[in-house]
Amino acid sequence: MWWRRWSVDDSKRLIMNEQLNLYGKNFNSRLLVGTALYPSPAIMRESVEASGAEIITLSLRRQSPEQQQGKMIWDYIRESGCQLLPNTAGCRTPREVIALAEMSREIFQTDWLKLEVIGDDYNLQPDPYGLIEAARELVKRGFKVLPYCTDDLVVCRRLLDVGCEVLMPWGAPIGTGQGLLNKYNLQTLRERLPDVPLIIDAGIGAPSQAAEAMEMGFDAVLLNTAIAKAQNPVVMAQSFRLAVEAGRSAHAAGLMVKRQTASPSTPTLDMPFWQQSSSKALQD
Amino acid sequence: MPVTSEIKPSVAIAGGGLIGRLLAWRLSLQQFDVTLYEAGDLSTPGGACWAAAGMISPLSELVHSEAEIYRLGVQSLALWPSWAEQLEQQSGRQVQFRHAGSLLVAHAQDKSELLQFQRELQGKLNDDISAHVQALDGEQLRQLEPALENFEQGLYLRDEGDINNRRLLPVLLSVLRQQDVALRERTPVSCSGYQVEHQEGRVRFDCVIDCRGLGAQQQIQGLRGVRGEVLVVQTREVELQRPVRLLHPRYKLYAVPRPDGRTVIGATEIESEDMSPISVRSTMELSSALYSLHPAFAEARIVETRVHCRPATMDNMPYIHSEPGLVRVNGLHRHGYLLAPALAEKVEKLVTKQVLQVA
């Protein structure tokens, strides 16, 4: 039968084959998660597993990395076997970022870096100027830079110009759970930068918002607070995994185009079709 | 079963922090022959218990932890009043246990934090929270705490309490002296079944209790330190009656009033075993959060800073392990004063059972 050709198994394979490629490395999961704010390290690790994430971010700004005083927890995170993505959370200037990046590279033996340069302390908004400056220097030093940026097309282009191969625009400010606040800008980014891996980073509060980002064609989603602060982080991690998969396969399947009016998908049989459009008016 | 005075069973306690002192006190009351070992000085304890603020807040902590912490906390909260009274009678000095509840406040722009707190509490408690939590408007808030002029909403957790740890720990020490507990200071030890080992050799006991905190890291897999930083400020301008927590999207701040116009402000929670002095960033975070609690705190004097690492397991739950001749208790994390009495009772039972079985 015709529909057999498009069974769930086929479509699953279709999507599974299409891996996420970042800096030449392939990943099956399109959900990246953070490792902060969990009730305990044990719950963090269980949540990471449940999320299916293969890339996890971690911060070492405040843990006196030069003395390796956080070694115990870093080793615990490392045991997950995921690609580590050290971040520069808490840095405000390119100089701070570069010092921390070098330290991260040494400690975690990876040149992957989530670049954060904070421009405002209250909403932790990225500083686009500092970001571009830091990215340029980090790329020169051989880092694989994944910048956390705003949804501004020009800023994103400049980041690509200085050598970033992946961009991570925000959905909303960090930790707010507001979802995709400026869909117009995000849609613009997706359309204008069709070949650049775009990861929605920050602001995702609910699985539906993650699914929405994936439906819009973004390549992946990065989040932390929404899982870590859930009443049951492990179950929430699983929910996000399912949402990201659903959103991705929905995007691949091709969403229907929204219509202007609600219309029954089969004609109402007892009414001539030329009267159906006015039937609602008659009922009123 | 009473233990007769002729054959006093011997118990060694390693670690003179809060739980070690409480156990030494409880067990010596039961006529055990108790020896307390401490790597540092007992009169100026270096442990997390000395750096802490002494809050006993099962509900506020429940939001960040497992239901078991709450259950143990409620048990402890039931024990503290009589234990405090008993210690005050024995020593003739006050330990300042206060059962005046605690307040949670948030600024108008962060008021969703209060809602989130209530929701989390509801989810964890699986019970009607209105019996424990009272939502307050600005006026009701100021009836309890006149100083909180800048807040229009808050939550009152009337069951919670706190204890002045800087009074309690010396009082415990003096009571231990009264009860002829053998005190071995500046004596780092290692513990195994029936045996304590230190520089001068091995000593046998009927039972050994290891409560050395991070000192036991080699013996307890996955035990880690979580750095905490605390400020103590002093001012006559702001007077609080009870612990106040400020809810903020990123910073956790509590302010615990102590005598002489002092307020203990805490605490950071950093995944690091770094014991170096408080950082500038943490000082700024704590003091700006404090300033937002009341602007008059700006002229308070920072009279002390405290840094220590809390001993914690990977699931942040307390650790009790028992084998013949040895009980280990550890991992009280940020819940020392909240959990210690309940855990001390548990350990007391384990030890009594062990020693009686041997006898």
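The values are calculated or read from the model by the stated rules, or taken from the named source; none is laboratory data. Source: prediction; values computed, not measured. A quick note on method: Cβ atoms are made from the backbone with ideal geometry, for glycine too, and the neighbour counts reach across all protein chains shown.
Do we find a residue being more than 14 Å from chain A (Cβ to nearest Cβ), among the β-branched types (Val, Ile, Thr), over 22 Å from B:His99 (Cα atoms) and part of a strand (DSSP E or B) anywhere in segment B:228-237? Yes; the residues of segment B:228-237 include at least one that is more than 14 Å from chain A (Cβ to nearest Cβ), among the β-branched types (Val, Ile, Thr), over 22 Å from B:His99 (Cα atoms) and part of a strand (DSSP E or B).
Listed conditions (1) closer than 30 Å to B:Glu38 by Cβ; (2) of a type in the set (A, V, I, L, M); (3) surrounded by fewer than 20 Cβ atoms within 10 Å (Cβ to Cβ) are all met by B:Leu173, apart from (3). Hey, any hits in segment B:138-148 for a residue that's assigned to a loop (DSSP other than H, G, I, E, B), of a type in the set (Gly, Ala, Ser), away from chain A (no Cβ under 14 Å) and within 23 Å of B:Phe297 (Cβ to Cβ)? Looking through segment B:138-148, at least one residue is assigned to a loop (DSSP other than H, G, I, E, B), of a type in the set (Gly, Ala, Ser), away from chain A (no Cβ under 14 Å) and within 23 Å of B:Phe297 (Cβ to Cβ). Pairs are defined by a Cβ separation below 6 Å, a sequence spacing of at least 6 or placement on different chains, a first member in segment B:154-180 that is of a type in the set (Ser, Thr, Tyr), and a second member that is buried (at least 21 other Cβ atoms within 10 Å of the Cβ); the pairs so defined are B:Tyr156/B:Leu103; B:Tyr156/B:Leu136.
A:Met103: farther than 20 Å from B:Tyr251 by Cα and either in contact with a Lys or Arg (Cβ under 6 Å, 6 or more places away or on another chain) or more than 14 Å from chain B (Cβ to nearest Cβ) (or both), yes or no? Against the criterion (farther than 20 Å from B:Tyr251 by Cα and either in contact with a Lys or Arg (Cβ under 6 Å, 6 or more places away or on another chain) or more than 14 Å from chain B (Cβ to nearest Cβ) (or both)), A:Met103 does not qualify. Out of all the residues in segment A:233-247, is one or more within 14 Å of the chain's Cα centre (by Cα), more than 16 Å from A:Leu20 (Cα to Cα), of a type outside the set (Lys, Arg) and within 14 Å of chain B (Cβ to nearest Cβ)? No, every residue in segment A:233-247 fails to be within 14 Å of the chain's Cα centre (by Cα), more than 16 Å from A:Leu20 (Cα to Cα), of a type outside the set (Lys, Arg) and within 14 Å of chain B (Cβ to nearest Cβ).
Test B:Val203 against the criterion of being surrounded by 18 or more Cβ atoms within 10 Å (Cβ to Cβ), touching a residue at least 24 places away in the same chain (Cβ under 8 Å) and on the phi < 0 side of the Ramachandran plot, and give yes or no. Considered against the rule, which asks whether it is surrounded by 18 or more Cβ atoms within 10 Å (Cβ to Cβ), touching a residue at least 24 places away in the same chain (Cβ under 8 Å) and on the phi < 0 side of the Ramachandran plot, B:Val203 comes out as no.
Residues in segment A:223-244 that are free of Cβ contacts under 8 Å to residues at least 60 places away in the same chain and either touching a helix residue (DSSP H, G or I) at 6+ places or on another chain (Cβ under 8 Å) or in a helix (DSSP H, G or I) (or both): 6 in all. Counting only strands (runs of 3 or more DSSP E) that fall entirely inside segment B:283-358 and contain at least 1 residues that are touching a Lys or Arg at 6+ places or on another chain (Cβ under 7 Å) and within 19 Å of B:Leu18 (Cβ to Cβ), the qualifying elements are B:301-312, B:319-323.
The residue that is farthest from B:Ala289 (Cα to Cα), counting only those in segment B:201-227 that are in a strand (DSSP E or B), within 14 Å of chain A (Cβ to nearest Cβ) and in contact with a His (Cβ under 9 Å, 6 or more places away or on another chain), is B:Gly225.
Looking only at residues in segment A:137-185 that are of a type outside the set (S, T, N, Q) and within 14 Å of another protein chain (Cβ to nearest Cβ), the one that is surrounded by the most Cβ atoms within 10 Å (Cβ to Cβ) is A:Ile174. Just one residue in the set A:Val154, A:Val145 is within 16 Å of the chain's Cα centre (by Cα) and not charged (D, E, K, R); that residue is A:Val145. Residues of segment B:224-245 being crowded, with 21+ Cβ neighbours inside 10 Å, out of contact with any Cys (no Cβ under 9 Å at 6 or more places or on another chain) and not acidic (Asp, Glu), which ones? Once the filter is applied, which keeps residues that are crowded, with 21+ Cβ neighbours inside 10 Å, out of contact with any Cys (no Cβ under 9 Å at 6 or more places or on another chain) and not acidic (Asp, Glu), segment B:224-245 yields B:Val230, B:Leu231, B:Val233, B:Val238, B:Arg242, B:Pro243, B:Val244, B:Arg245. Looking across segment A:24-47 at every residue that is in contact with an Asp or Glu (Cβ under 6 Å, 6 or more places away or on another chain) and touching a residue at least 12 places away in the same chain (Cβ under 8 Å), the one that is nearest to B:Gly331 (Cα to Cα) is identified as A:Ser29.
Every residue, every condition in (1) more than 30 Å from A:Glu96 (Cα to Cα); (2) basic (Lys, Arg); (3) at pLDDT 95 or above; (4) not assigned by TED's automatic domain parsing to the domain that holds B:Ala106, yes or no:
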| residue | (1), (2), (3), (4) |
| --- | --- |
| B:Leu247 | no, no, no, no |
| B:Arg258 | yes, yes, yes, no |
| B:Thr263 | yes, no, yes, no |
| B:Glu273 | no, no, no, no |
| B:Ala298 | no, no, no, no |
| B:Arg301 | yes, yes, yes, no |
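Exactly one residue out of B:Ser60, B:Ser76 is in the same structural domain as B:Val171 (by TED's automatic domain parsing), polar (S, T, N, Q) and at pLDDT 95 or above: that is B:Ser76. Scanning segment A:22-37 turns up no residue that is in contact with a Cys (Cβ under 8 Å, 6 or more places away or on another chain) and either within 14 Å of chain B (Cβ to nearest Cβ) or in a helix (DSSP H, G or I) (or both).
Among the residues of this structure, B:Ile220 does not count as one that is surrounded by 22 or more Cβ atoms within 10 Å (Cβ to Cβ) and aliphatic (A, V, I, L, M). Could you look through segment B:123-137, keep only residues that are away from every other protein chain (no Cβ under 14 Å) and in a loop (DSSP other than H, G, I, E, B), and pick out the one that is modelled with the lowest pLDDT? Top of the filtered list is B:Asp127. For B:Pro249, the stated conditions do not hold, so it cannot be described as surrounded by 15 or more Cβ atoms within 10 Å (Cβ to Cβ) and under 25 Å from B:Gln96 (Cβ atoms).
Matching residues to (1) outside any loop (DSSP other than H, G, I, E, B); (2) polar (S, T, N, Q); (3) more than 9 Å from chain B (Cβ to nearest Cβ):
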position	(1), (2), (3)
A:Ala53	no, no, yes
A:Thr57	yes, yes, yes
A:Arg62	no, no, no
A:Met72	yes, no, no
A:Ser80	no, yes, yes
A:Leu85	yes, no, yes
A:Ala89	no, no, yes
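Is it the case, given these coordinates, that B:Gln75 is closer than 18 Å to B:Ala342 by Cα and out of contact with any helix residue (DSSP H, G or I) (no Cβ under 8 Å at 6 or more places or on another chain)? So B:Gln75 fails the test. State all residues of segment B:261-282 that are within 11 Å of chain A (Cβ to nearest Cβ), part of a loop (DSSP other than H, G, I, E, B), out of contact with any Leu (no Cβ under 8 Å at 6 or more places or on another chain) and not small (Gly, Ala, Ser); if no residue qualifies, say none. Those that are within 11 Å of chain A (Cβ to nearest Cβ), part of a loop (DSSP other than H, G, I, E, B), out of contact with any Leu (no Cβ under 8 Å at 6 or more places or on another chain) and not small (Gly, Ala, Ser): B:Glu269, B:Glu271, B:Asp274, B:Met275. Reported count of residues in segment B:244-253, each being touching a helix residue (DSSP H, G or I) at 6+ places or on another chain (Cβ under 8 Å) and assigned to a strand (DSSP E or B), is 5.
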